[in-house]
Amino acid sequence: MLARELLSRYLQDKPFDIVVEHSRHVADLALEVADRLTLPENDRAFIEEAAMLHDIGVCQVNAPDLGLYGSKPYIMHGVVGREILEAEGYPLHALVCERHTGVGLTCEEISRQGLPLPHREMCPVSLCEQIICFADLFYSKNPGRLGERKSVARVRKKMLHFGEDKVQILDTWLKKFYWK
């Protein structure tokens with residue numbers, strides 16, 4: 001499988017195991033959504049690959065609890081993932097990496113919060129990007145909670161911390177993806 005090969009090239013040992021397990025849960029939930037929407041097989045294949053690769057950029061971040069000792073702050077893992085996957089020849093997968101943080105980051109938010117990110121829109125645009133971003137909200141990379149799916153209430157509470165507009169995006173996705 002493409003994803004496993006690429007992940008093993010950039011991650012080893014504990015980080016590899018954590019990212020693969022987390023990403024597998026995200027991919028499975030994203031595929032559930034794709035099935036509810038009866039998306040075509042080519043979209044399902046893309047969703048599975050891109051979901052498996054969405055966190056490849058953690059290979060360069062500093063997150064000791066995950067066994068990662070890179071030089072970049074965690075918030076940069078999406079941008080790093082985009083750079084990696086573009087260099088590997090997967091530009092659409094790369095966009096998923098960059099656009100999957102929370103429900104997305106606007107250029108205005110990046111500037112206002114002084115985030116160490118390029119000043120550009122990083123919000124999921126395509127339906128496939130939105131589905132993967134949505135699925136990622138429900139799973140943590142915390143080694144003790146990898147398989148634990150968060151409740152909608154818990155995800156909503158976390159989104160509220162970032163603003164009511166983020167909760168509105170979540171609620172739109174919940175309706176769009178036929179969630180109960």
Query raised in the report: Is there a residue being surrounded by 12 or more Cβ atoms within 10 Å (Cβ to Cβ) and in contact with an Asp or Glu (Cβ under 9 Å, 6 or more places away or on another chain) anywhere in the stretch 144-155?
Result: yes
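Provide a single number: the residues in the stretch 10-35 that are farther than 21 Å from LEU146 by Cα and surrounded by 13 or more Cβ atoms within 10 Å (Cβ to Cβ).
Looking only at that region, the number is 1.
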Query raised in the report: Restricting the search to the stretch 57-71, which residues are of a type in the set (Ser, Thr, Tyr) and either farther than 17 Å from GLU83 by Cβ or assigned to a helix (DSSP H, G or I) (or both)?
Result: TYR69
Report summary line: All conditions in (1) more than 15 Å from the chain's Cα centre (by Cα); (2) closer than 23 Å to ASN42 by Cα are true of GLN130 except (1)
Query raised in the report: Condition test on SER151, is it among the polar types (S, T, N, Q) and farther than 18 Å from GLU48 by Cα?
Result: yes
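Scanning for something assigned to a helix (DSSP H, G or I), of a type in the set (D, E, K, R) and closer than 16 Å to ALA94 by Cα, does the stretch 34-44 turn up at least one residue? Show your work before the answer.
Taking the stretch 34-44 and keeping what is assigned to a helix (DSSP H, G or I), we get 34-36, 41-44.
The next check asks that each one be of a type in the set (D, E, K, R); those that pass are 35-36, 41, 43-44.
From the residues that got through so far, the ones that are closer than 16 Å to ALA94 by Cα too are 43.
Yes: one or more hits.
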Requested in this report: Please name all residue pairs, on different chains or six or more residues apart, with Cβ atoms under 8 Å, provided the first residue is in the stretch 32-54 and is closer than 27 Å to PRO15 by Cα and the second residue is surrounded by fewer than 24 Cβ atoms within 10 Å (Cβ to Cβ) and basic (Lys, Arg).
Outcome: MET52/ARG4; MET52/ARG24
Query raised in the report: Given the structure, is ILE84 more than 19 Å from LYS141 (Cα to Cα), among the β-branched types (Val, Ile, Thr) and part of a helix (DSSP H, G or I)?
Result: yes
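No value in this document is a laboratory result; all are computed from the given coordinates. These numbers were taken from a predicted model, which means no experiment stands behind them. Every residue, glycine among them, receives a Cβ derived from its backbone with ideal geometry; neighbour counts consider all protein chains shown.
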